[in-house]
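Presented below is the structure to which this report refers.
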Amino acid sequence: MVTFFRILQRHYPQFMETLKFQIASRAEFERLAACNVDTLTDLERAARFLYLQRLAFGGKVAGRNFGVSVGASRFDVTRLGPLLEAIHERIAGVVIECLPWTEFIARYDGPETLFYLDPPYWGSETDYGACAFKPGDFTRIATALADIRGCFILSVNDVRETRAAFGRFPIEPVSTRYTIAGGQWAEAKEIIVTGPRIDSVTPPRDQCGRARSCSPRTAPAAARPPHGSRSQRRAARREWPRPAWRAAPGGAPRV
Ligand SMILES: C[S@@+](CC[C@H](N)C(=O)[O-])C[C@H]1O[C@@H](n2cnc3c(N)ncnc32)[C@H](O)[C@@H]1O
């Protein structure tokens with residue numbers, strides 16, 4: 001993602017030119033997914049990245065499959081400019097980190113930090129690389145979270161093993177739906193784990209005293225920005241149903 005935005009910053013017209021006349025198709029998706037990236041220029045790699053991420057099922061970065069959905073394609077070259085602007089606007093002011101979770105928690109923990117953790121599902125630990133995440137990490141995360149000075153919200157699939165790993169914290173079971181092949185839905189059960197003192201935390205405030213990063217659907221009316229550009233409103237909608245706020249106040253970076 002960082003490399004992608006560097007390309008946009010330095011070679012935006014050339015990047016757009018690379019994608020001119022690009023259509024969304026399974027054949028093109030499979031051709032690009034299979035191609036050897038070492039043979040591509042940086043511009044072509046960035047274009048491939050965007051194309052595959054828009055069209056892959058679940059936005060997966062490894063083992064990508066062509067995502068089938070009824071309706072307009074998620075890759076529409078005529079809407080690329082506004083889409084990239086909206087993404088960039090959404091992440092302006094956000095720090096993009098890249099650290100193992102152990103280091104991340106240690107560096108960003110503080111009395112006013114709220115962590116949202118979205119680890120791989122139990123049973124899918126290798127989805128993000130062979131060694132990135134191990135089954136034992138669920139218990140290690142629970143141990144680390146028990147000692148933080150801030151608070152956390154963690155979501156993961158609802159199976160015996162995850163309930164056992166996080167059993168020391170309050171656990172709320174929730175049902176959600178995933179799209180699967182052919183545009184079908186599947187019911188899925190997740191748990192939301194919170195702690196250690198989540199109820200005592202107040203949402204972060206901006207310089208005007210308004211609650212920051214609130215979803216418009218969950219924020220109290222007084223905390224909602226009354227106006228905003230179309231892309232800001234679109235970006236806010238995209239946050240739903242993620243946690244309504246998830247950052248430390250006082251100028252600490254949003255990660
Ligand atoms: C279920 S995904 C969460 C994706 C993201 N929250 C979203 O909604 O698109 C799990 C994430 O954990 C990251 N991850 C896997 N192993 C990790 C590790 N050891 N330390 C930090 N992050 C890790 C993966 O790269 C992946 O982005």
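If you filter segment 1-107 for trypsin sites (Lys or Arg not before Pro), then keep DSSP loop positions with at most 16 other Cβ within 10 Å, what is left?
Working: sites: 6, 10, 20, 26, 31, 45, 48, 54, 60, 64, 74, 79, 90, 107; in loops: 20, 60, 64, 74.
Of the trypsin sites (Lys or Arg not before Pro), the ones in loops of segment 1-107 whose Cβ has at most 16 other Cβ atoms within 10 Å are 20, 60, 74.
Cα extents for segment 1-153 along the principal axes, largest to smallest and rounded to whole angstrom: 53, 34, 34.
Whole-Hz Karplus values for segment 74-90 come out as 6, 10, 9, 4, 6, 10, 5, x, x, 4, 5, 4, 5, 5, 5, 5, 5 Hz, taken residue by residue from phi with 6.51 cos²θ - 1.76 cosθ + 1.60 and θ = phi - 60°; glycine and proline positions read x.
Please compute the volume of the convex hull spanned by the alpha-carbon atoms of segment 113-183 and report it per residue in Å³. Provide the component values of the computation, followed by the final result.
Numbers: hull volume 8.4 nm³, N = 71.
It comes to 118 Å³ per residue, whole-number rounded.
By count of other Cβ within 10 Å, fewest leading, how are 171, 96 ordered?
On the way: 171 16, 96 10.
Ordered by Cβ neighbours within 10 Å, fewest first: 96, 171.
For residue 89 and residue 189, FRET efficiency with R0 = 41 Å and r from the beta-carbon atoms, rounded to 0.05? Can you show the working numbers first?
Values: r = 35 Å, r/R0 = 0.85.
After rounding to 0.05, the efficiency reads 0.75.
A crude spin-label estimate for the pair residue 177 and residue 40, with each label 7 Å from Cα along the Cβ direction, gives 3.3 nm. In a fully extended conformation the segment linking residue 5 and residue 23 would gain 4.3 nm over its present Cα-Cα distance, using 0.36 nm per residue.
Calculated on the Cα set of segment 2-91, radius of gyration then Dmax: 12.7, 35 Å. Straight-distance candidates among the lysines for linking to residue 134, with alpha-carbon spacing under 29 Å and chain neighbours fewer than 8 residues away dropped: 60, 189.
Where a number appears in this text, it was derived from the coordinates with a stated rule and is not lab data. The shown structure was predicted, so the numbers you read here are calculated from the model rather than taken from an experiment. Cβ: placed from backbone, ideal geometry, glycine included. Neighbour counts: every protein chain shown.
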